[in-house]
1. Quick check on the exposure proxy: order Met156, Met182 from fewest to most C-beta atoms within 10 angstrom.
2. In whole Hz, with x marking every Gly and Pro, tabulate ³J(HN,Hα) for the range 141-148 from phi via Karplus 6.51 cos²θ - 1.76 cosθ + 1.60, θ = phi - 60°.
3. Taking 0.36 nm per intervening residue step and subtracting the Cα-Cα distance, what contour gain separates Ala216 from Val203 on full extension?
4. Calculate the dipole size of the range 113-231 relative to its Cα centre from +1 charges on Lys and Arg beta carbons and -1 charges on Asp and Glu beta carbons; express the result in debye to the nearest 20.
5. Cut-off is 10 Å between beta-carbons; in what order do Leu53, Leu117 appear when sorted fewest neighbours first?
6. Using modelled amide H (1.01 Å from N, peptide plane; none on Pro or chain starts), what sits under 5 Å from the amide H of Thr33, excluding residues fewer than 5 places away?
7. Going by C-beta contacts inside 10 Å, put Thr154, Thr33 in order with the fewest on the left.
Amino acid sequence: MTRSIEALVDHQARRWQLLRGERREEASRPVLTVSRLHGAGGGEVAKRVAEELGLDFFDREIIQQIAESAHLSERVVSSLDEKDREVLTDWLAALSSREYLSPVEYRYHLSRVVGALAHHGGAVILGRGAHLILGEGEALRVLVVAPLEARVRTVMEREGLSERDTRSRIASVEADRKAFLMKHFHVDFPDPTNFDLVVNTAVLGVGGACAAVRAAAERLRFRAPTGASAR
């Protein structure tokens, strides 16, 4: 069952207070955003780091919460998620006005949800431009990369595609993500200057990448967002 944003925030707040009571020496719980090149293993890195650090992991839950916040079906929000909205113009035009979400509205609800998740800490957020919503010091912003040939091999093995179809798949996914970030945040992807840490899974492996992320998270001091939910 989809939780409302209020219930989600309440859950995070209760968890935050419990942890503060148990570990009063900690000033804050870390918030991590993980962006990735397709096939680099960013999703696996994000999940494993969340498990190892005892943090909540958010991926498709973001879509659910935007739909809840905007009073739209999850189907509509999913169609816009990390994709170029222009490709969907004709399809969206066929929807009723009640089921329409403009780029400005999407950005508002996305920022509101990400800000709510990050406010009390203890979260790993995968993709969706979260590294641009949360400012410096509000999260450890991680980019997971690997050379194209390594990513082609990984996706071929994972999805059972031919090399030709795999290369087409990677190009399509990354074009969608790039268009999403340009549409909503006016930035290119991946720009390493927008991240605090870049890890190469072809060199480090998933385990080594996780270790690097954990080490960075444990060394940095975090502060609660000061308005990300309203940006």
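The numbers here are math on the coordinates, done by the rules we state, and not lab data. Values in this document were obtained by computation on a predicted structure and should not be read as measured data. Positions of Cβ are backbone-derived with ideal geometry, glycine not excepted, and every protein chain shown enters the neighbour counts.
1. So the residues, fewest neighbours to most, are Met182, Met156.
2. 3J(HN,Hα) across the range 141-148, in whole Hz: 9, 10, 10, 9, 10, 6, x, 4.
3. Details: separation 13, 0.36 × 13 = 4.68 nm, distance 1.77 nm.
Roughly 2.9 nm would be gained on extension.
4. Working: 16 positive and 13 negative charges, 39 e Å.
Once rounded to the nearest 20, the dipole reads 180 debye.
5. Leu53, Leu117
6. Residues meeting the amide H criterion: Ile125, Leu140, Arg141, Val142.
7. On the way: Thr154 19, Thr33 28.
Fewest to most other Cβ atoms nearby, the residues stand as Thr154, Thr33.
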